[in-house]
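Report on the following structure.
The values are calculated or read from the model by the stated rules, or taken from the named source; none is laboratory data. Owing to the predicted nature of the structure, the values given are computational and were not obtained by experimental measurement. Virtual Cβ from ideal backbone geometry, glycine too; neighbours counted across all protein chains shown. Quick note on the areas: whole protein, heavy atoms, side chains included, nothing else; ligands and nucleic acids left out. Shrake-Rupley method; radii C 1.70, N 1.55, O 1.52, S 1.80 Å.
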Amino acid sequence: MKNKHDIEADNTLKADLLDATMDSIFVSDLDGNVLYVNDTAYKTRGYKDKNELIGKNLNQLLVPEYAKLIKSRIKEILKKGEATFESEHYRKDGSVIPVEVHSRVIESAGQTLLLSVNRDISARKESEQRFLEEKGLTEAVMNSLPGIFYLFDPAGNMVRWNKNVEKVFGYKTGQIKDMRALDFVPAHFLDSVTMAIQEVISKGNVTVEAELMAKDGTCLPFFLSGSLLRTKDAIYVIGTGIDLSEKRQAEEKLERNYDIQRVINTLLSLSLEDVPLDEILQRTLDLILSIPWLAFEHRGAIFIVEDATRTLVMRAESGLGEPLSLECARVLFGHCLCGRAALHKRIEFASRIVKRHTVRYEGMTPHGHYCVPIVSSSRVLGVINIYTDEGHRRSQREEQFLTAVSNTIAGIIIRIEEDEKLKQTMEELEETIEGTIQAMAMTVETRDPYTSGHQERVALLTKVIAEQLGLSVHEVAGIYTAALIHDIGKISVPAEILTKPGRLSKFEFNIIKTHSESGHTILIKIKFPWPIAQIVLQHHERIDGSGYPKGLKGDEIVLGARIIAVADVIEAMASHRPYRSAIGIDLALKEVTDNKGKLYDAEVVDACMKVFNHGFTFHQ
């Protein structure tokens with residue numbers, strides 16, 4: 001039997017052993033009041049001695065997120081006898097220590113107490129973070145994966161997961177944080193998954209098919225792959241999982257979507273080409289009947305509405321033959337299945353020849369129908385009619401496909417109609433602009449009969465020079481229009497100056513020179529699709545800056561004005577004026593070539609010479 005001295009020595013040894021351990025040890029009552037701590041506990045938390053911790057409640061030592069779990073954790077420990085979990089403790093200075101807690105029930109002097117061994121896991125947490133940063137496993141990367149992603153330590157504690165884990169299994173981030181990997185595994189797969197985890201740790205990798213359980217108890221089949229990752233400080237199991245049921249459904253859906261997209265893309269491509277509507281409709285019908293997963297007969301037709309008579313007119317067909325193609329060439333709204341689809345703006349389906357199928361003829365074979373209206377903004381544009389075998393079951397996916405095609409055709413028909421309206425509007429607009437321009441040109445000529453036809457001839461030469469320079473049709477049209485009215489500003493010049501038979505005085509010439517600015521003032525208020533006012537303003541500018549009204553140089557002058565400048569000089573010199581006889585084309589061309597690059601744009605002059613060398617005349 002030990003004497004008192006031996007017992008005291010024993011107790012001292014035990015206390016020394018507890019103080020020597022690197023883990024923090026806490027003994028508390030069932031209310032969480034601290035009764036004992038070892039040296040490591042108070043030293044690692046920045047306290048001077050044990051007495052600063054003894055008497056405190058665990059609520060005071062834990063961060064709020066974990067302090068609120070103390071009561072439930074104590075209940076769990078009392079129920080199971082022991083438990084392991086993660087927590088976070090405050091140091092005296094307010095900083096935080098992450099710890100792994102192993103707590104168990106002990107009996108001492110007839111009192112039930114809790115013994116908790118707290119291991120500082122700061123290094124492990126830092127290692128986990130370093131690992132994730134070094135390997136680039138950011139949240140964005142994990143969340144971009146198509147299935148579930150998970151990372152857990154050898155004890156099964158969840159370390160990282162992607163949003164799909166939360167979405168698929170119905171847990172929130174805070175809930176998964178306190179879960180273990182095996183918490184997702186239903187009882188009937190627990191053994192096989194546990195063995196798989198052990199195999200990962202021993203062999204490095206594994207794949208397994210198993211069911212995983214969602215929060216609501218639903219079990220989902222998964223193909224799981226796992227690998228062992230080693231870092232400097234720890235090892236982890238990392239893996240991914242693919243829902244097999246979704247994969248099979250996705251494959252079927254992908255095939256359907258591909259076919260739908262292929263048909264729609266083909267139709268959209270056709271609509272961008274200069275292809276007649278009837279050809280587009282025939283290609284559409286052929287594409288529909290070529291889809292392998294659609295249980296259709298290789299027969300059908302597409303009708304377009306004749307608005308005036310509320311009649312469906314067959315514009316495309318496949319496999320109908322006579323007499324059906326003749327019987328159904330024109331179908332009134334409300335007549336037979338196609339007419340009913342048009343009238344009621346809804347799909348008409350029949351698994352066999354029913355009373356609604358009012359078109360009958362001798363030798364008609366048993367069949368069914370999908371009649372799908374082509375509708376845009378409540379306006380019926382036509383009907384797609386597809387044949388099925390007798391007894392065919394109505395299918396939502398088939399109707400979705402046909403509806404997608406009908407919507408695409410509706411868009412194409414509306415676009416074609418809008419293009420026709422736009423074309424007609426543009427033609428009318430062009431005629432209006434052309435008439436306005438001609439009227440403006442004639443206004444100038446009525447005040448200056450001696451230069452009658454000058455603007456029209458300048459415009460003619462301007463047009464061929466612009467074409468020779470390779471300008472677009474739109475640009476040529478704009479420059480031609482500007483040339484037709486380049487002298488519109490002369491309506492502000494007194495008629496006696498315009499028609500004076502002799503040479504003009506300096507004062508009179510200065511008045512004449514105001515016509516380009518006057519023209520600009522008139523035209524700037526009109527919204528042309530070209531910079532007409534700017535061209536008219538600058539048509540007397542010269543490359544070297546000697547022109548008027550602004551004295552612009554080189555590329556400061558718009559191209560249209562540089563072209564008109566050349567054409568204007570040539571026409572003026574080649575034509576009769578009140579104060580002189582015609583100088584002639586040859587001298588006019590010599591004038592522009594001698595001053596090429598000085599007064600006149602060099603490229604414009606070269607283009608002008610080419611058109612004259614090719615036989616241009618003002619009388620063509």
Mind checking the log10 I(q)/I(0) for the stretch 283-371 at q = 0.12, 0.15, 0.18, 0.20 Å⁻¹? Debye, one equal scatterer per Cα, no solvent, two decimals.
-0.35, -0.57, -0.84, -1.05
Glu82 label point, 7 Å along Cα→Cβ, cut-off 12 Å on backbone N: hits in the stretch 98-121?
102-106, 115-117
Going 7 Å from the Cα of Leu35 along its beta-carbon direction, which residues of the stretch 98-132 have the amide nitrogen within less than 11 Å of the resulting point?
106-115
For the pairs Lys68/Lys92; Lys167/Lys253; Lys506/Lys590; Lys75/Lys177; Lys43/Lys125; Lys463/Lys500, flag any whose C-alpha to C-alpha distance is greater than 23 Å.
Lys506/Lys590; Lys463/Lys500
Can you tell me, using C-alpha contacts under 8 Å and at least 6 residues apart, the relative contact order of the stretch 44-130 as a whole percent?
21 percent
Distance in nm between pseudo-label sites at Ala250 and Thr403 (7 Å out along the Cβ direction from Cα):
2.5 nm
Hey, with R₀ at 22 Å, roughly what FRET efficiency would Trp293 and Tyr361 work out to, going by the Cβ-Cβ distance, to 0.05?
0.10
Percent of all alpha-carbon pairs of the chain at distances over 36 Å, whole number, is 69 percent
Leaving out ligands, DNA and RNA but keeping every protein chain, what accessible area does His89 have, in Å² rounded to the nearest 10, with a 1.4 Å probe?
10 Å²
Amide H contacts under 5 Å for Tyr36, restricted to residues at least 5 apart in sequence or on another chain and with H modeled in the peptide plane, are Val27
How large are Rg and Dmax for the stretch 353-415 when calculated on the C-alpha trace, in angstrom?
13.8, 41
Report the full-extension gain for the segment Thr21 to Asp278: residue separation times 0.36 nm, less the Cα-Cα distance, to one decimal in nm.
83.6 nm
Under the classification rounded if a/c is under 1.5, otherwise prolate if a/b is larger than b/c and oblate if not, where does the stretch 39-181 fall, given a ≥ b ≥ c as square roots of the Cα gyration tensor eigenvalues?
prolate
If you bin the C-alpha pair distances of the stretch 489-577 every 5 Å from 0, what whole percents do you get?
3, 14, 19, 24, 22, 12, 4, 1
Built amide H within the under 5 Å cut-off of Gly382, gap 5+
Val305, Ile374
Heavy-atom accessible area of Asp544 with all protein chains present, probe 1.4 Å, nearest 10 Å²?
70 Å²
Taking all pairs of distinct alpha-carbon atoms in the stretch 28-82, Kirkwood radius in angstrom:
12.0 Å
Pseudo-spin-label distance Asp586 to Ile235, built 7 Å along Cα→Cβ, given in nm, is 10.5 nm
Below 8 Å between Cα atoms, with a sequence gap of 6+, how large is the relative contact order for the chain in percent?
6 percent
Using a probe radius of 1.4 Å on heavy atoms only, what accessible surface per residue do you get for the chain? Whole Å² is fine.
54 Å²
Order the following by accessible area, largest value first: Lys500, Lys253. Probe radius 1.4 Å; ligands, DNA and RNA are ignored.
Lys253, Lys500
Enclosed volume per residue, in Å³, of the convex hull spanned by Cα atoms of the stretch 171-257:
138 Å³
How much accessible area does Arg256 have with a 1.4 Å probe, in Å² rounded to the nearest 10?
50 Å²
Roughly how far apart, in whole Å, are the Cα centres of the stretch 308-387 and the stretch 531-569?
66 Å
Based on the Kirkwood radius over alpha-carbon pairs, what is the Stokes-Einstein translational diffusion coefficient of the stretch 272-313 at 4 °C with 1.567 mPa s viscosity, in µm²/s?
107 µm²/s
In Å, the Kirkwood estimate of hydrodynamic radius for the stretch 114-197 over Cα pairs equals 14.5 Å
Here the relative contact order (percent) of the stretch 259-398, from C-alpha pairs under 8 Å and at least 6 apart, is 22 percent
Would you please classify the overall shape of the stretch 329-368 from the alpha carbon gyration tensor, given that a ≥ b ≥ c denote the square roots of the eigenvalues, rounded means a/c under 1.5, and beyond that prolate means a/b larger than b/c while oblate covers the rest?
oblate
Separation between the Gln424 and Asn613 pseudo-spin-labels, each 7 Å from Cα along Cα→Cβ, expressed in nm?
4.9 nm
Could you pull out every one of the lysines with an alpha carbon less than 20 Å from that of Lys527, ignoring same-chain neighbours closer than 8 positions?
Lys423
For Glu139, the net charge from surrounding residues (Cβ-Cβ under 11 Å; K, R +1; D, E -1) works out to +2
Suppose R0 equals 45 Å; then what is the FRET efficiency for Ala123 and Thr266 from their Cβ-Cβ distance, rounded to the nearest 0.05?
0.15
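Going highest first, how would you order 347-360, 301-314 by mean Cβ packing within 10 Å?
301-314, 347-360
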